[in-house]
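The values are calculated or read from the model by the stated rules, or taken from the named source; none is laboratory data. These numbers were taken from a predicted model, which means no experiment stands behind them. Every residue, glycine among them, receives a Cβ derived from its backbone with ideal geometry; neighbour counts consider all protein chains shown. Accessible surface is based on the protein model in full, side chains and every heavy atom, while ligands, DNA and RNA are left aside. Shrake-Rupley method; radii C 1.70, N 1.55, O 1.52, S 1.80 Å.
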Amino acid sequence: MSAISTPHDAGAPLVLRDDREGVATLTLNRPKARNALSVGLMAALQDALEAIHDDRSVRAVILTGAGPAFCAGHDLKEMRATPTRDSYEALFAQCAKLMLTVNRVRQPVIAKVAGIATAAGCQLVATCDLAYCADTARFATPGVNIGLFCSTPMVALTRAVGRKAAMEMLLLGDLIDADEAERIGLVNQAVPAHQLDEVVAAVAGKIASKSPLTLAVGKEAFYRQIDLDVEAAYAHAAKVMTENMMAEDAAEGIDAFIGKREPVWCGR
C-alpha cells in the first residue's frame, strides 16, 4: 500500500494506492468528510491516475472510497470559504480535467461503490469505464435541492444513462437505490455487500489478463467514436482495427486461438 500526497495534503494521505497482480486500487481517503472532492483530493487522484497511465505493469484500476461513503461530491465548506468567480472557475476546471483523465488513462477504471455517491461523486461513478456497487449503495445528483444544479455531473450522467432517467435524477435530486442504478445503467451490477470485493476483483483480474495494448487501443477508440455520427464512427473504428491488426499482440492472440493455446502478451 502506498500513498499519493500533494502540497494540499495536510495529515493523512488523500489517496491510497495498492498494486496487486496488474491491478491498482486507488482509495479516496477522506472518510470523515465522506470523501468529498476537495482541491487536494482531486489533485492527489489526478497525480495517481497520471502515474498509472505511464505504468505498464498496471492493466486495470479499481477506484473506491474509505469509510461508509464512496464520494459525497464537492467539498461545500471549502467552496464557500472562497466565494469568488475565479476560485469556482478553477475548481470546476480541475474537476473536468480529472473526469477526462479517468476516460483518457490507458487502463480501464472500475468504480467499486460500497456507500453513497452523490453529486460529483455520482459523476465520478458515471465517468468510470465500469461500475459495480453494493446493494446498500445509494446515488443522487441533489444539487437542485440546495440551489446549485448538478450541471457538471450532468455531463457524465447523460452519457451513462438514458435522457429521461438522467433528467429525473437531476430535477428531483432524490436518492436512488442500487437496483435502480443498475436498471438505468449507472452501474453494471448491484451485488450483496459481502460479495462486492470478490466481484470487482474478479472483473479486474479478468481485464488484467488481456493484452495491455489492446485494452489501451480499445478504450481510446471507444471514447473517440462515441460522439461521432455513425459514418465517421465506422471510419475511425476501421482505421483503429487496421492498426490493431498490425500489432504483435493481435498476431499472437489470433495464432493462439487457432492453435488452441493461451496467448503470451508482449504489449506491442
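Quick one: among 89, 231, 248, which has the greatest mean-square fluctuation in a GNM of the chain with alpha-carbon springs under 10 angstrom?
Greatest mean-square fluctuation among the candidates belongs to 231.
Counting Lys and Arg as +1 and Asp and Glu as -1, what is the net charge of the other residues whose Cβ lies under 11 Å from the Cβ of residue 162? Don't jump to the answer; show the numbers that get you there.
Numbers: positive: 159, 163, 164, 183; negative: 168.
Its environment carries a net charge of +3.
With all protein chains present, how much of the accessible area of the stretch 42-178 (probe radius 1.4 Å) comes from carbon and sulfur, to the nearest whole percent? It would help to have the intermediate numbers written out before the result.
Details: 3380 of 6010 Å².
Percent of accessible area from carbon and sulfur atoms in the stretch 42-178: 56.
Quick check on my link table: of 77/164; 32/97; 32/219, which ones sit more than 27 Å apart, alpha carbon to alpha carbon? Before the final figure, lay out each step's value.
Numbers: 77/164 31 Å; 32/97 25 Å; 32/219 34 Å.
Among 77/164; 32/97; 32/219, the Cα-Cα distance tops 27 Å for 77/164; 32/219.
Show the residues, 5+ positions off or on another chain, whose built amide H is closer than 5 Å to the amide H of residue 113.
HN-HN under 5 Å from residue 113: 132, 133, 134.
Relative contact order (percent) for the chain, with alpha-carbon contacts under 8 angstrom and 6 or more residues of separation? Please report the intermediate quantities before stating the final value.
Details: 501 pairs, mean separation 40.5, N = 268.
Once divided by the residue count of the chain, the mean separation gives 15 percent.
Take every Cα pair under 8 Å in the stretch 77-231 that's 6+ residues apart, average their separations, divide by the length, and report that relative contact order as a whole percent.
On the way: 215 pairs, mean separation 37.8, N = 155.
For the stretch 77-231, the relative contact order is 24 percent.
Using the Cα centre of the stretch 66-182 as origin and beta-carbon charges of +1 (Lys, Arg) and -1 (Asp, Glu), tell me which of 152, 72, 122 is placed farthest towards the positive end of the dipole.
152
Rolling a 1.4 Å sphere over the protein heavy atoms, what is the accessible area per residue of the chain, to the nearest Å²? Present the calculation step by step, with values, prior to reporting the outcome.
Numbers: 14130 Å² over 268 residues.
For the chain, the per-residue accessible area is 53 Å².
So what's the net charge close to residue 256: Lys and Arg +1, Asp and Glu -1, counting the other residues with Cβ under 14 Å from its Cβ?
Details: positive: 210, 260, 261; negative: 248, 249, 252, 255, 262.
That sum, taken over residues with Cβ under 14 Å, equals -2.
Please compute the net charge surrounding residue 135, taking Lys and Arg as +1 and Asp and Glu as -1 over other residues with Cβ under 10 Å from its Cβ. Could the numbers behind the result be given before it?
Details: positive: none; negative: 177, 179, 182.
Here the count lands on -3.
Skipping prolines and chain starts, which residues have an amide H placed within reach, meaning under 5 Å, of the one on residue 138, given they are 5 or more residues away or on another chain?
Result for residue 138 returns 116, 117.
What angle, in degrees between 0 and 90 and rounded to the nearest 10, separates the Cα long axis of helix 212-225 from the longest principal axis of the Cα atoms of the chain?
Helix 212-225 sits at roughly 60 degrees to that axis.
Once you have the Cα-Cα distance between residue 54 and residue 18, take 0.36 nm times their residue separation minus that, and quote the gain in nm to one decimal. Please report the intermediate quantities before stating the final value.
Details: separation 36, 0.36 × 36 = 12.96 nm, distance 1.61 nm.
Extra length available between residue 54 and residue 18 comes to 11.3 nm.
Helix-only mean residue ellipticity at 222 nm, the chain, DSSP H runs n ≥ 4 weighted -39,500 (n - 2.57), per residue, nearest 500. What is it? Don't skip to the answer; put the middle values down first.
Values: 11 runs with 130 residues, N = 268.
Computed ellipticity for the chain at 222 nm equals -15000 deg cm²/dmol.
Compute the helix-to-body angle for 151-160: its Cα long axis versus the longest principal axis of the chain, expressed 0 to 90° and rounded to tens.
Taking the Cα atoms of the chain, the angle to 151-160 is about 30 degrees.
With axes computed from alpha carbons, what is the tilt in degrees of helix 85-104 against the longest principal axis of the chain, rounded to the nearest 10 within 0 to 90?
That works out to roughly 20 degrees.
With springs only between Cα atoms under 10 Å apart, run a GNM on the chain and tell me which of 133, 71, 95 wobbles the most.
95
Test of understanding: in a Gaussian network model of the chain with alpha carbons linked when under 10 Å, which of 212, 153, 83 would top the mean-square fluctuation ranking?
Greatest mean-square fluctuation among the candidates belongs to 83.
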